[in-house]
Amino acid sequence: MLEVRDLYKTFNAGTINEKRAMNGLSLTLEDGDFVTVIGGNGAGKSTLLNLVAGVFPPDSGTISIDGQNVTKLPEHKRAKFIGRVFQDPMMGTAATMGIEENLALAFRRGQGRGLRYGITNAERKQYREKLAILGLGLEDRLTSKVGLLSGGQRQALTLLMATLKKPKLLLLDEHTAALDPKTAAKVLETTERIVRRDKLTTLMITHNMRDAIAHGNRLIMMDSGQIVADIRGEEKQNLTVQDLLDKFHVENDRMLLSE
Ligand SMILES: Nc1ncnc2c1ncn2[C@@H]1O[C@H](COP(=O)(O)OP(=O)(O)O)[C@@H](O)[C@H]1O
Ligand SMILES: [Mg+2]
């Protein structure tokens, strides 16, 4: 579903701020793979997701999604098969619009049907059903402005919107990191439910090793723009935080990778 080959990306090349963020990374995800991604600050995790989403082009290397080489495809043309949720709860939704309007935009994405067509009662019924999955009572607040919701509610709504049209790829960049622990756990549980239900091919960056171990069928660890560990199957199922600490000598990163 995703094939990344020999990806290189250097920021601010030739300046004192030169930074090689992606250093020959290759990665293949099978259809339905749910991969958690860990690594210290600056390891290149967000850069990888940005390259896959087309936020900026790689210096060299190729990116294919579902067999199509998208390396030169601009971000907005990839958006129709990619769902994304970022760390910042303010980013994925439009604050001044209602919950139903946000959902309508997500539903109509790529159909050339904007909001001026109005929302039908049949659509409202569908939105209520989708919102109920989140378990936050948002199905009874369809016209509430999104700006009035808590960070966790907004992040759950963003997740719902990102997965409505069953994307070929779901990219999550520390999407629960800005939430309080209880809300984070709830959003993560909802993530797990939706990803499993729709068998979404998913890359989920987290700074939390327990979450990285508890979720997904595969775990990759990044360092200096490369994959330094790729753990799956039974090894992944039996993995402990201590294993990760021992195996990768990341004791010094305890501050960065919370248990
Ligand atoms: N848009 C950018 N411009 C300049 N440098 C960047 C940019 N994005 C990332 N970097 C740099 O690339 C390196 C990798 O960053 P990033 O991918 O955000 O790491 P991570 O998400 O693993 O913490 C860091 O040194 C970071 O400062
Ligand atoms: Mg990051």
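The values are calculated or read from the model by the stated rules, or taken from the named source; none is laboratory data. Quick caveat, the model's predicted, so the values are computed rather than measured. Counting neighbours? That spans all protein chains shown, and the Cβs are built from the backbone with ideal geometry, glycine included. Side chains are part of the model used for accessible areas, which takes the heavy atoms of the whole protein and leaves out ligands, DNA and RNA. Shrake-Rupley method; radii C 1.70, N 1.55, O 1.52, S 1.80 Å.
Data table
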{"quantity": "Test: residue in segment 22-30 that is surrounded by 13 or more Cβ atoms within 10 Å (Cβ to Cβ), near ligand 1 (Cβ under 9 Å from one of its atoms) and in contact (Cβ under 8 Å) with a residue 40 or more places away in the chain", "calculated": "yes"}
{"quantity": "Matching entry among 211, 198, 230 (being out of contact with any Phe, Trp or Tyr (no Cβ under 9 Å at 6 or more places or on another chain) and farther than 19 Å from residue 29 by Cα)", "calculated": "211"}
{"quantity": "Among (1) within 14 Å of ligand 1 (Cβ to nearest atom); (2) in contact with a helix residue (DSSP H, G or I) (Cβ under 8 Å, 6 or more places away or on another chain); (3) open to solvent by less than 10 Å² (accessible area, probe 1.4 Å) - the single one residue 55 does not satisfy", "calculated": "(3)"}
{"quantity": "Which numbered condition residue 80 fails, given (1) within 16 Å of ligand 2 (Cβ to nearest atom); (2) open to solvent by 10 Å² or more (accessible area, probe 1.4 Å); (3) modelled with pLDDT under 95; (4) of a type outside the set (A, V, I, L, M, F, W, C)", "calculated": "(1)"}
{"quantity": "Number of the exception - residue 103 against (1) away from ligand 2 (no atom under 16 Å from the Cβ); (2) open to solvent by 10 Å² or more (accessible area, probe 1.4 Å)", "calculated": "(2)"}
{"quantity": "Among the candidates 83, 92, 44, 61, residue that is within 11 Å of ligand 1 (Cβ to nearest atom) and either under 15 Å from residue 225 (Cα atoms) or under 19 Å from the mean Cα position of the chain (by Cα) (or both)", "calculated": "44"}
{"quantity": "Residue in segment 46-67 that is out of contact with any Phe, Trp or Tyr (no Cβ under 8 Å at 6 or more places or on another chain) and acidic (Asp, Glu) present", "calculated": "no"}
{"quantity": "Segment 158-167, residues that are under 12 Å from the mean Cα position of the chain (by Cα) and not in a helix (DSSP H, G or I)", "calculated": "167"}
{"quantity": "Boolean, residue 225 is at positive phi, open to solvent by less than 40 Å² (accessible area, probe 1.4 Å) and more than 16 Å from ligand 1 (Cβ to nearest atom)", "calculated": "no"}
{"quantity": "Conditions (1) in contact with a Lys or Arg (Cβ under 8 Å, 6 or more places away or on another chain); (2) under 30 Å from residue 214 (Cα atoms): number failed by residue 57", "calculated": "(2)"}
{"quantity": "Single match in 3, 18, 75 (criterion: within 17 Å of the chain's Cα centre (by Cα) and over 30 Å from residue 119 (Cβ atoms))", "calculated": "3"}
{"quantity": "Residue that is open to solvent by less than 20 Å² (accessible area, probe 1.4 Å) and among the hydroxyl-bearing types (Ser, Thr, Tyr), where the choices are 10, 36, 15", "calculated": "36"}
